Each structure stands twice: as C-alpha cells, then as structure tokens.
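The structure appears below as structure tokens.
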Amino acid sequence: MKAAAVFSDNMVLQRERYVRIFGTCTNNEKVITVSVPELLISVRAIIRKGRWEAVLPPMTECSKCTLEIACGAIRKVFRNVAIGEVWLAGGQSNMEFELRNDKNGVRELVSCAEEDVRYYYTPKCAMPEEIEEAEKHTGWSLPSADNSAAWSAAGYYFAKELSRRLGVTVGIIGCNWGGTSASAWMSREYLEQDSRLRPYVEEYDKAVKGKSRRKMIAEYDEYTAYQEGWEQRVAECYDADPDIKWPDVVAKCGENRYPGPHGIKNPMRPCGLYETMVSRVAPYTLRGVLWYQGESDDHRPQVYSVLLKALIENWRRDWKDDELPFIIVQLPMFKYRDDPDTKSWALIREAQEKVFRTVKNTGLAVCLDCGEFNNIHPTDKEPIGHRLYLQAMSEVYSQMSRSESMPPMYDGFEIRGSAMLIHLANVGKGLGGKDENCLEGFELAGSDGKFYPAQARVALPYIELSCEKVKAPAAARFKWTNYADVGLFGVNGLPLAPFRTYTD
C-alpha cells in the first residue's frame, strides 16, 4: 500500500470539506484505514483496481496533527499536518516564476519563515517513466530562505495574504511548467470532444505518425542539445549588444527551434502534462485553482475561451467537484520590441473575461498594468498575488464586496447622437488616472469597421466617446493591443479592464 506522493509530512489538508486521501495497492491488500488520531477520526478506504481512496469528514482548522494510514502490518504516519486552506497554482512560466527571481524576492526570503504557508511542488516530468524516481524526492515544504526560493512567487504572495486574513495555514500545490499550452494540461477526451479543439491533437498525431518511440526520443534529444547551445549563443549576443535587433540575433545564432519536435518526450505535447503531473495530484482536496496561462495559446486566440472552459470542466471532473473555483489571471500588457502588434493578447484577454462571465465559480484577476515591455516574465509578482487574493475574498470566501475586489469593467453601451456612452460597473467610488494621458486607448469605428482614436469624457457611470472621423459609431474598444501604457484605474487601484463592443 502506498499513498500518493502529494501526501507527506507538513502537508495541508483542506478544512470544512470532505477530504480525499488516495494511493495505490496490490490485489492482496483488502483493508486500508485512514485516521486523524487527534480528532478521533477513522475511516475505511474503498479499494478498486489497484487504487484506494478514503474520504475524511469535514474538519475545522488545526495547526498541527497527524495522519495515519494502516493496512495490515503496514502503518504510515505523516507528521506536522495542518488543516487549513489549499489552492493549486497552475499554468505556465509566469505562475512558475520563482520567488528568488521576484523583484522583492530577497526581502521575502529573509522573512518568509514567519508566514503560515506551505508548498508542494508537483515534480516536472515529461514522460511517465520519470515520475516514480522524481516523486521520491518531493514532499510538502515549510517556508524558509532555502525551501521557498523555488516556490511560485505569485502563489506565495497569494498564500501569504490569504493566511494573514483568515488566520489559518495556507498550502499551495504548484503544478505548472513554462511555455505550455492549456492543451498540455488536459485529457485527449476533452480536446477531441469539440471540433474547434481537435487541431491540437490532430497536428500532434500527424507529426508523429509512423515514428517509433526510439525515434521520437532521439529527435527530442537532438533538439535539446541544439537549443542549449543556441540559448548560450543568444545570451552572449545580448551581453555584447543589449540593443541588438532580433533578426540580427537569428542571423548570428541560428533559428530558434523552440518548442521542439512533437513526440513523447516533448513536455509541450497535448495531454502530456495532464498525464504526468495533473494525474499525480488529482483529486487532492482543494479550495480552488489559481490559473495563470494563455501566453502560449496566442497562436489560436479565437478558440481560447473554448479551450479554457474545457480545461475547467476536465479538472472539475477529475477533482470530483463540479463547483471547484478557478481564479484566472487576465494577461497583462506585453510585446517584444521587434514583434508586430498582432492583437492576439487582446483576444486572449477577451477570452479570459468571457470564461469569467459565463462559467460559474470563476474569478478574474485583471492585471493589465502588471506587464513589462519586451519582457514576457514581469519580475514583480506581488500585485498578481494580491489581485488573486482579492478575487478569492469576494468570489470564494464572500468576505469582500466586488467594489473592493473588481476593477472597473465594461457593462453595456448606448448611442447618443454622434457619441457612444460606455457604461461601466464597479465605479461607484469613482475613477482615477495616473497622468494626463490616462484617457488614451479608447477607439471608435463606424459601420466600415475602421477604428480611430476617440476622445473620452468621464461622466460616471459611463464614459462618453466621440471622434470627428466617426459620425455614426458602430463599435468601440479600449486598450485593444498587445502592449500599451495603462493609466486609468478605479479608486481601489485596479485598472479599467480592456473591452470591445459592437452595436450589432
């Protein structure tokens, strides 16, 4: 009998919920019991096809107890277990971004041992055969300068603020990997059930058709060796000339082959990390999921809302919780210096808001102002963690009003003569700008669909837009770009969310 690797000393169990404890066993092991002696709780597991699962009754918060699992003469005791709040920090590199690399990381690492937070890092495994060995070296960790260095910075800041507010231990399960599409974190079943998502698996199947396992591994190993050398050449190039243009970098260093060839060793493959990471921690009982991802799906922004909705449905099924909360980080402003403005990130932001508005038990952390020009990995993750916390407070814990947690947001329009009035929600206490240019970024278009910069006048609860070149407004949008300065905020310090709307 074995418990899943996510169960270890120092773990955090979710309070006030039925808690699932699970693992694997042999056919000869018929009776498995799970108990919390300090709370006089003992339950018997259900065993089916080499897996076992026990469900503990809801428990109140507890700073220290033990969890015991027994099967015949085998007895496993996990110590220093806390009962508090558990969240999963999922997504790609901006959720993976480590605390030691954060703008204020040094400050936090010096003092983090005082915080009542803990962390479990799901081992990053590209192939199933890597999992067992990797899990031998994992487990829940307590905060310290050494332990917390590699924690998700956004996850840490969220946990720190949540723990202080609720007065309980907060545990974060890190389950993220840089550069990943949402399709890597989903099952094939959910990608194949919608025709708009099938290209993710069809492209993969076409690319690997006829290739042996050995060939796919060899191709990926060759790519890895090439890419490591390429990245070193690029670093040397920028060290010599920080302002060098990207085409000149490619001319000197060779092509960027990222993310490498499709195949069973490529962690970016569709369904890959669902199989090697998500399946290892589900259905560990959670309060909710923090999701920071979307950058690597900007090549198909038109279907991202469908993709993200399917992922949420997939995970809710696997966690056996139809109401599992998801708090989504809306992508901040970003563009590489030499890239054209494709507006693909604007479309991703719109998709993320659509999921928030149409899928129950979701939150949206609007972080438009948290990006950095020419840097896809902004180094200040404290505002991200704080806005996730605000969403949790209002959307999950009901301890904060939306006027405190939500930014100003588009809430309809009306046409008045040659002007369009944009109605806003969450502006009961007003709007504020950081400078005289704060009302830039609004655009109007007529029936021809051609947008022009609009003059904006604030007359809450709406903003009046007008433009000499657009006598009969038919469409409006705000900050509809991959990157621009952000200057218009609610009095709660949250930026006006981007939007676009049409009269038809």
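So is GLU255 open to solvent by 70 Å² or more (accessible area, probe 1.4 Å), of a type in the set (D, E, K, R) and within 27 Å of the chain's Cα centre (by Cα) or not? For GLU255, the condition - open to solvent by 70 Å² or more (accessible area, probe 1.4 Å), of a type in the set (D, E, K, R) and within 27 Å of the chain's Cα centre (by Cα) - is not met. Only a single criterion out of (1) farther than 30 Å from ASP221 by Cα; (2) free of Cβ contacts under 8 Å to residues at least 40 places away in the same chain is not satisfied by GLU133, namely (1).
The helices (runs of 4 or more DSSP H) falling completely within the range 331-412 that include 1 or more residues that are among the aromatic types (Phe, Trp, Tyr) and in contact with a Phe, Trp or Tyr (Cβ under 7 Å, 6 or more places away or on another chain) map to 344-358, 382-391. When the range 167-199 is limited to residues that are of a type in the set (Ser, Thr, Tyr) and more than 12 Å from the chain's Cα centre (by Cα), the one that is surrounded by the fewest Cβ atoms within 10 Å (Cβ to Cβ) turns out to be SER195.
Go through the range 266-294 and give me each residue that's open to solvent by less than 10 Å² (accessible area, probe 1.4 Å), small (Gly, Ala, Ser) and in a helix (DSSP H, G or I). Hit for the range 266-294 is GLY272, nothing else. A single member of ASN482, ASN492 is at pLDDT 95 or above and in a loop (DSSP other than H, G, I, E, B), and it is ASN482.
Condition check ((1) without any contact (Cβ under 8 Å) to a residue 40 or more places away in the chain; (2) among the acidic types (Asp, Glu)) across all residues:
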site	(1), (2)
PHE442	yes, no
ALA445	yes, no
ASP448	yes, yes
PHE451	yes, no
GLN455	yes, no
ALA459	yes, no
ILE463	no, no
ALA475	yes, no
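Within the range 440-455, being within 19 Å of GLU414 (Cβ to Cβ) and surrounded by fewer than 18 Cβ atoms within 10 Å (Cβ to Cβ) holds for GLY446, SER447, GLN455. Against the numbered list (1) touching a helix residue (DSSP H, G or I) at 6+ places or on another chain (Cβ under 9 Å); (2) surrounded by fewer than 16 Cβ atoms within 10 Å (Cβ to Cβ); (3) among the aromatic types (Phe, Trp, Tyr), TYR502 comes up short only at (1). If the condition is being open to solvent by 30 Å² or more (accessible area, probe 1.4 Å) and under 19 Å from MET409 (Cα atoms), then the range 456-482 contributes ARG457, VAL458, LEU460, PRO461, TYR462, GLU464, ARG477. Residues in the range 399-419 that are hydrophobic (A, V, I, L, M, F, W, C) and within 25 Å of ARG357 (Cβ to Cβ) were compared, and the one that is surrounded by the most Cβ atoms within 10 Å (Cβ to Cβ) is MET406.
Entry remark, the range 145-166: residues being of a type in the set (A, V, I, L, M, F, W, C) and either open to solvent by 10 Å² or more (accessible area, probe 1.4 Å) or under 14 Å from ALA113 (Cα atoms) (or both) number 6 in total. Just a yes or no: is a residue in the range 444-461 under 25 Å from PHE356 (Cα atoms) and at pLDDT 95 or above? Within the range 444-461 (the criterion being under 25 Å from PHE356 (Cα atoms) and at pLDDT 95 or above), the answer is no, since none of the residues qualifies.
Scanning for something over 30 Å from GLY167 (Cα atoms) and of a type outside the set (Lys, Arg), does the range 75-86 turn up at least one residue? So far as the range 75-86 goes, no, none of its residues is over 30 Å from GLY167 (Cα atoms) and of a type outside the set (Lys, Arg). Entry remark, the range 435-453: residues being touching a Phe, Trp or Tyr at 6+ places or on another chain (Cβ under 7 Å) and farther than 10 Å from PHE478 by Cα number 1 in total.
State yes or no: is ILE422 surrounded by fewer than 19 Cβ atoms within 10 Å (Cβ to Cβ) and either assigned to a loop (DSSP other than H, G, I, E, B) or not polar (S, T, N, Q) (or both)? Against the criterion (surrounded by fewer than 19 Cβ atoms within 10 Å (Cβ to Cβ) and either assigned to a loop (DSSP other than H, G, I, E, B) or not polar (S, T, N, Q) (or both)), ILE422 does not qualify. Can you tell me which residues in the range 356-374 are within 21 Å of GLY441 (Cβ to Cβ) and surrounded by fewer than 18 Cβ atoms within 10 Å (Cβ to Cβ)? Result: GLU372, PHE373, ASN374.
Taken residue by residue, the range 6-16 has at least one member that is open to solvent by 30 Å² or more (accessible area, probe 1.4 Å) and in contact with a Leu (Cβ under 7 Å, 6 or more places away or on another chain).
The values are calculated or read from the model by the stated rules, or taken from the named source; none is laboratory data. Since the structure is predicted, the reported quantities are computational estimates derived from the model, not experimental observations. Using ideal geometry, Cβ is built from the backbone for each residue, glycine included, and neighbour counts are taken over all protein chains shown. Ligands, DNA and RNA are stripped out before the accessible areas are found, and what is left, the full protein with its side chains, is counted by its heavy atoms. Shrake-Rupley method; radii C 1.70, N 1.55, O 1.52, S 1.80 Å.
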